[in-house]
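Notes follow once the structure below has been shown.
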Amino acid sequence: MLYFVSTPVGNLKDISLRALEVLKSVDVIACEDTRTSLKLLNHYEIKKPLVAYHKFNETVAAEKLIAELKSGKNIAVITDAGTPVVSDPGNVLSTILSENGLEFTVIPGATAFVPALILSGLSASRFAFIGFLPDKKKDREELLAKYKNLDMTLIFYSAPHDLKADLETLFRAFGARKAAVCKEITKIHEGAEHITLGEPLREETPKGEYVIVVEGGKA
């Protein structure tokens, strides 16, 4: 069996008993970054063979993992933080598994965007998770145009070095909407700054990982 296992997005205590049980029972753990994953695994005294599985080797690594799976081994796939496949490696593998009728399952757990949605105070009745914006300006504009009039809260991920540029892009696309910039979910410096798009942030030098939550449009 292959398991996609959710791991904490920050606080190491945010892991389920079932996730720990699976990680202790499998033969191999595939990690986005073995160095990052070792912090979690060592904390819970889990000693297993680790293999690298990240966006740069995703297709080749997926084929090797499937060969291991077919040989009878149990495999866990984890990422640096949160749930595999959700803005993280894993989608190539899940697609191949599904297309070939190979059995796999998901051990649910932490994600960053759900806590951020709640911290934002914006409507949670309907929302769309967009993830990271594309690198190219044209691709960004085309993507955001699809969501401009969507009548539901929009959620984006942003790296600290991209945060200001991402906020400017969202302002140009959507105008002066309510938004919340949430950082370091579950960590010591967790916070949510409520702004209107177009306003400067109080934090001059962004640090950590960010989730931007934006008020929906009017259909």
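Points to keep in mind about this one:
- Unmet requirement for K73, which otherwise passes all of (1) at pLDDT 95 or above; (2) of a type in the set (D, E, K, R); (3) under 27 Å from I185 (Cα atoms): (3)
- Matching residues, the range 111-126, being open to solvent by less than 60 Å² (accessible area, probe 1.4 Å) and among the basic types (K, R): none
- Leading residue by the ranking (farthest from C182 (Cα to Cα)) among those in the range 147-166 that are open to solvent by less than 40 Å² (accessible area, probe 1.4 Å) and in a helix (DSSP H, G or I): D166
- Failed item, numbered, when L144 is tested on (1) of a type in the set (A, V, I, L, M, F, W, C); (2) surrounded by 13 or more Cβ atoms within 10 Å (Cβ to Cβ); (3) in contact (Cβ under 8 Å) with a residue 12 or more places away in the chain; (4) closer than 20 Å to V9 by Cβ: (4)
- Elements of type strands (runs of 3 or more DSSP E) in the range 1-108, at least 2 residues being of a type in the set (F, W, Y) and crowded, with 18+ Cβ neighbours inside 10 Å: 2-5
- Only residues that are over 14 Å from the mean Cα position of the chain (by Cα), open to solvent by 30 Å² or more (accessible area, probe 1.4 Å) and at pLDDT 90 or above were counted across the range 209-219, and they come to 1.
- Subset of the range 173-196 (residues that are assigned to a loop (DSSP other than H, G, I, E, B), more than 13 Å from L163 (Cβ to Cβ), within 23 Å of the chain's Cα centre (by Cα) and touching a residue at least 12 places away in the same chain (Cβ under 8 Å)): I185, T186, K187, H189, E190
- Checking each residue in the range 1-25 for being among the β-branched types (V, I, T) and either modelled with pLDDT under 95 or more than 15 Å from L50 (Cα to Cα) (or both) picks out T7, V9, I15.
- Residues satisfying the stated conditions in the range 23-44, i.e. out of contact with any helix residue (DSSP H, G or I) (no Cβ under 9 Å at 6 or more places or on another chain) and farther than 16 Å from G82 by Cβ: K24, S25, V26, T34, R35, L38, N42, H43
- Of all residues in the range 183-208 being in contact with a Phe, Trp or Tyr (Cβ under 7 Å, 6 or more places away or on another chain) and not small (G, A, S), the one that is most open to solvent (accessible area, probe 1.4 Å): K183
The values are calculated or read from the model by the stated rules, or taken from the named source; none is laboratory data. All values derive from a computational prediction rather than experimental measurement. Cβ coordinates were reconstructed from backbone atoms using ideal geometry, including for glycine residues, and neighbour counts include every protein chain displayed. When the accessible area is computed, the model is the full protein with side chains, heavy atoms only, and any ligands, DNA or RNA have been set aside. Shrake-Rupley method; radii C 1.70, N 1.55, O 1.52, S 1.80 Å.
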